[in-house]
1. Can you check how the C-alpha radius of gyration of the protein assembly as shown compares to 2.2 N^0.38 Å, as a plain ratio?
2. Let me confirm one metric for peptide B:50-61, namely the mean number of other chain beta-carbon atoms within 10 Å of its residues' beta-carbons.
3. Under a crude label model (7 Å from the Cα following the beta-carbon direction), how far is A:E269 from B:L129 in nanometres?
4. Can you give me the pair-distance distribution of segment B:136-253, C-alpha pairs, 5 Å bins, whole percents?
5. Over chain A, what relative contact order in percent results from Cα pairs under 8 Å that are six or more residues apart?
6. Using the basic label-point model (7 angstrom from Cα toward the beta carbon), what is the B:S74 to B:Q21 distance in nanometres?
7. Modelling each spin label as a point 7 Å along the Cα-to-Cβ direction, I'd like the B:V289/B:S314 distance in nm, to one decimal.
8. Within a 10 angstrom radius of each residue's Cβ in B:185-195, how many Cβ atoms of other chains show up on average? Whole number is fine.
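The values are calculated or read from the model by the stated rules, or taken from the named source; none is laboratory data. None of the values given here were measured: they were computed from a predicted structure. A quick note on method: Cβ atoms are made from the backbone with ideal geometry, for glycine too, and the neighbour counts reach across all protein chains shown. For accessibility, only protein heavy atoms count, side chains too; no ligands or nucleic acids. Shrake-Rupley method; radii C 1.70, N 1.55, O 1.52, S 1.80 Å.
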Amino acid sequence: MTEPILSIKNLQTQFHTTDGVVRAVDGISFDLDPGTTLGIVGESGCGKSVTHMSFLGLIPQPPGKIAGGEAMFKGRNLIGMAKSELRKIRGNEIAVIFQDPMTSLNPFLKISRQMTEGLEIHKGFSHKDALAKAVALLDSVGIPSPDKRINDYPHQFSGGMRQRVMIAMALSCSPSILIADEPTTALDVTIQAQILDLLKKLQSETGAAIMLITHDLGVVAGMTEKIIVMYAGKIVEKADTSSLFSRPLHPYTFALLKSLPRLDAREKEKLYSIAGLPPDLIHNPKGCKFNPRCAFATGKCFEEEPELVEVGPGRRVACWIDIEKGGAR
Amino acid sequence: MNKNNSPLLSLKDVKVHFPIQAGLLIKKNIGYIRAVNGVSFDLFKGETLGLVGESGCGKSTTAKAILQLNRPTSGSIKLEDTELTKLRGEPLRQIYKRLQVIYQDPYASLNPRMTVGQIVGEPIMCFKLLDSRARRGRVEELLEIVGLDPRFLNRYPHEFSGGQRQRIGIARALALDPEIVICDEPVSALDVSIRAQIINLLEELQEKFGFSYIFIAHDLSVVKHISNRVAVMYLGKIVELAPAETIYDTPLHPYTRALLSAIPIPDPAVESKRKRIILKGDVPGPDKVYPGCDFASRCPKKMDVCDRETPQLSEVAPGHFASCFLCNGK
């Protein structure tokens, strides 16, 4: 077994508000293996983005608070690391592509300035070398006439092109981990296909590990080796991609997959729908957090919260019920 | 769906062009954005027509043109025998009893200062259909139809979640018993688990009340699920129109093929076997005029004729329309 490049243990992130404590990430653990792609799936507010923002020190404190846990990266704990140390890792060894290419680039600065900044600071390039490298990077992400476009401002690029610039920027310091936080959500489907294709190609060239955060189960199906499903700040299921889709074990994953209208559906049938809403994370229900919406919930589900336990090779699920047999696990 | 009847709504060569103006004091037109550039289709009673395409292809402008919120530059829009584009004033106002809309953003489309009762009751009040007591009863009934507790009457929109707000918007659209409901991306802003609830609700309501939907979305899998027929738009024109199953099984236009292949299917076993057609480049701007086919610049199957002539939407198989020289026998 290879050593994981990033290992998260019992990470807890809370936000202290006037209404109470929001447990945005509530004790999650997972490993990211080098060179692989891990998908993190969940609905809005389930804590998928807060997870990576926590270990990269991007959570404003206060109101946020990392209440516990560790994130081991190359033998060092990112949680509680000095800001100046973390800054040397962020954008250098771990890079992020954010969702919205419209707001994550600075509209006042030319692309050239934004792309060379990281190279000059982290890698000690001279401005001239950094500029040459930036042009090469723009070329590698498929931007036509990169030597001219490098002097443009972000508004002169289309949405898909801006996302390519973001990817080029993230890759500039050859990171060993690339975090893609909803990289294609703001884009049209034909452009989404281009960007996903590009990410795959670049991964095979650079060997970076990718953490792909998305709410779209279709996107993770074709892109990842392993998937984590999150619900209300917890991991409810963890599995390799093919077994998660063929045999979902948590009622939430099961329902989520069934509630998607599929392009390749043969017959038109009514969509399965999950009743109710996700909890508000301040007033969590007693027991399992999914119990008010769960079709399988019985006595124990309302009393005790299930732990994420191993149920098969590489498969973990947090549920009291075995939904395949229809009884307690 | 009864196709032998005459259509309920009929669009003929509808164009909506927005002028681009320049100049400080004296404004001059320096060109046009051709948002909708010759769209024709019929909508029959009780059917759902899906309208798909990428952002900027003119789906929403088409919807607004039907609702007369953007007056068409040219073309005709007929609701049975009434020509909507010629209506002004009171007669125009009266058509909204028959034509209603559900918007994409459940946060922006409800007035935050009005209670749910006021929002849902407003259409009834505008047409002075019921007195205040009967209106209250009707609003309670409507809330129940869309699956909300009638006791929520005096609450404000901010007290509801996205899915619940969309239900309020649906209740408002139903208040006048319309014949046509235009749904402009009604589920795009919602989470996956909520999306299925709203799609099911829209389907149940159609079964119950028998109205027609024009369902606009960029997500082809949602559109395929809910629609009887699907029209694919590109740069302000319909490039292909066919029954929902046909468009998936035998797409004819190269753009439809690329669009379908670009949509990820949530199943790794299927996904690994699919061949993806990756289109080059972006959608060109709608402010330019192209001598040939609009899609020629990105088309993987471009021929010489595509740069010279513009293909017309024509029936290539019964009920299956496409505008491409590949299937028009040229």
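1. On the way: Rg = 26.4 Å, N = 659, 2.2 N^0.38 = 25.9 Å.
The value comes to 1.02.
2. Values: counts 0, 0, 1, 1, 5, 5, 1, 1, 0, 0, 0, 0.
Mean shielding by partner chains, rounded to a whole number: 1.
3. In this crude spin-label approximation the distance works out to 3.7 nm.
4. Spelled out bin by bin, segment B:136-253 gives 2, 10, 20, 20, 18, 13, 8, 5, 3, 1, 0 percent.
5. Values: 603 pairs, mean separation 62.5, N = 329.
With pairs under 8 Å counted, the relative contact order is 19 percent.
6. Calculated label separation equals 2.3 nm.
7. 2.4
8. Details: counts 0, 0, 1, 0, 0, 2, 10, 13, 15, 8, 5.
Averaged over the peptide's residues, the number is 5.
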